[in-house]
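Since the structure comes first, as structure tokens, the remarks are kept for the end.
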Protein chains: 2
Amino acid sequence: MELDLDEIIKAIANPCRRQMLAWLKDPANNFDLSHPAHPECEGVCVGKIVQKTGLSQSTVSAYMDVLQRAGLVKSERRGQWTFYKRNEETIAAFLETIGAKL
Amino acid sequence: MELDLDEIIKAIANPCRRQMLAWLKDPANNFDLSHPAHPECEGVCVGKIVQKTGLSQSTVSAYMDVLQRAGLVKSERRGQWTFYKRNEETIAAFLETIGAKL
DNA sequence: TTTATATATCGAAATGTTTCGATATAACGA
DNA sequence: TCGTTATATCGAAACATTTCGATATATAAA
């Protein structure tokens, strides 16, 4: 588990990205997941996040990439969709580390 | 206790400011505190932080102001010196909040 | 009161972040 | 294969952060 503390803090320094991460805690209640293209996937696809945030598609795509590079989310491609879900291991490790180092 | 999460995260998003905050956990071991001007003060004055960090005086002054506005440190003026120390209450509250919201 | 010291503020250059629209790529369906 | 849909990448404008040196202010010392 390689934690880049600086990268993580910068990722969550943006309120929109923080909000996205929080919404992903409870996809069923935070996104419109009727008619899922891939019901076997637990994650949320980019388009749903675009709908929810109101940000442009390109911005959401880039933001999810920032979160993923920081290790805060994992992605899974299924056909034309990319599904994102939280990476609880990294998030927990980050909270421990920041608690110790701050 | 008014916690501005966004302000706090932005304050600690800078590695120098994070380092300063960490050094203030143990002033005796992290700063040269021989010949203290005000031994009754527990904090560390700006000049000592300048020495330790190698950053310019103006930068350190501004950075400490950012940390203080975020509530992460408290200051006390004594003569021509300003002594800074950690605000453990805010720091603890922040860690709780971020743990719950992230 | 003049001078020295500590800190704060100002102005600016370089760099980074935010966010978009346009376009490219990838995968599906007819 | 061709058009459609989902996502990724590019280029750019606006804004924010980083960091400095110069200068202002506040306090103490001579």
So how many residues does the stretch B:29-39 have that are of a type in the set (A, V, I, L, M) and either within 16 Å of DNA strand D (Cβ to nearest atom) or within 14 Å of chain A (Cβ to nearest Cβ) (or both)? 1
Among the listed residues B:Q51, B:Q80, B:Q57, B:Q68, which satisfies the condition of being over 30 Å from A:D26 (Cβ atoms) and surrounded by 15 or more Cβ atoms within 10 Å (Cβ to Cβ)? B:Q68
A:Q51 fails exactly one of the following numbered conditions: (1) within 11 Å of DNA strand C (Cβ to nearest atom); (2) over 14 Å from A:L21 (Cα atoms). What is the number of that condition? (1)
Just to be sure before I move on: is A:M20 more than 14 Å from every other protein chain (Cβ to nearest Cβ), touching a residue at least 40 places away in the same chain (Cβ under 8 Å), under 27 Å from B:E96 (Cβ atoms) and aliphatic (A, V, I, L, M) in the structure I sent? no
Starting from the stretch A:67-96, take each residue that is over 17 Å from A:C41 (Cβ atoms) and list its partners that are more than 10 Å from DNA strand D (Cβ to nearest atom) and among the hydroxyl-bearing types (S, T, Y), counting only C-beta distances under 8 angstrom and pairs at least six apart or across chains. A:A70/A:T90; A:G71/A:T90; A:L72/A:T90
For the stretch B:40-102, which fully contained helices (runs of 4 or more DSSP H) count at least 3 residues that are touching a Lys or Arg at 6+ places or on another chain (Cβ under 8 Å) and within 15 Å of DNA strand D (Cβ to nearest atom)? B:57-69
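So that you can scan it fast, the table gives a plain yes or no per residue for (1) among the aliphatic types (A, V, I, L, M); (2) within 11 Å of DNA strand C (Cβ to nearest atom):
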position	(1), (2)
A:D32	no, no
A:L55	yes, yes
A:Y63	no, yes
A:G79	no, yes
A:F83	no, no
A:A100	yes, no
Positions within the stretch B:18-64 being of a type in the set (K, R) and in contact with a helix residue (DSSP H, G or I) (Cβ under 6 Å, 6 or more places away or on another chain), in sequence order: B:R18
Scanning the stretch A:24-46 residue by residue, those crowded, with 17+ Cβ neighbours inside 10 Å and farther than 17 Å from A:E88 by Cα turn out to be A:N30, A:F31, A:C45, A:V46
Considering only the stretch B:59-66, I want to know if a residue exists there that is within 14 Å of another protein chain (Cβ to nearest Cβ) and either at pLDDT 95 or above or in contact with a Pro (Cβ under 7 Å, 6 or more places away or on another chain) (or both). yes
Candidates A:R69, A:R86 - the one that is within 14 Å of A:N14 (Cβ to Cβ) and not aliphatic (A, V, I, L, M): A:R69
Of the numbered conditions (1) more than 14 Å from chain A (Cβ to nearest Cβ); (2) within 14 Å of DNA strand C (Cβ to nearest atom); (3) of a type outside the set (G, A, S), B:E7 fails exactly one; give the number of that condition. (1)
Identify the residue in the stretch B:6-28 that is in a loop (DSSP other than H, G, I, E, B) and not aliphatic (A, V, I, L, M) and, among all such residues, is nearest to DNA strand D (Cβ to nearest atom). B:N14
As an exercise: evaluate A:A92 against (1) crowded, with 16+ Cβ neighbours inside 10 Å; (2) more than 10 Å from the chain's Cα centre (by Cα) and give the number of the one condition it does not meet. (1)
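The values are calculated or read from the model by the stated rules, or taken from the named source; none is laboratory data. Computed from a prediction, not measured in an experiment: that's the story for all the values here. Note that we place each Cβ from the backbone using ideal geometry, even for glycine, and neighbour counts take in every protein chain shown.
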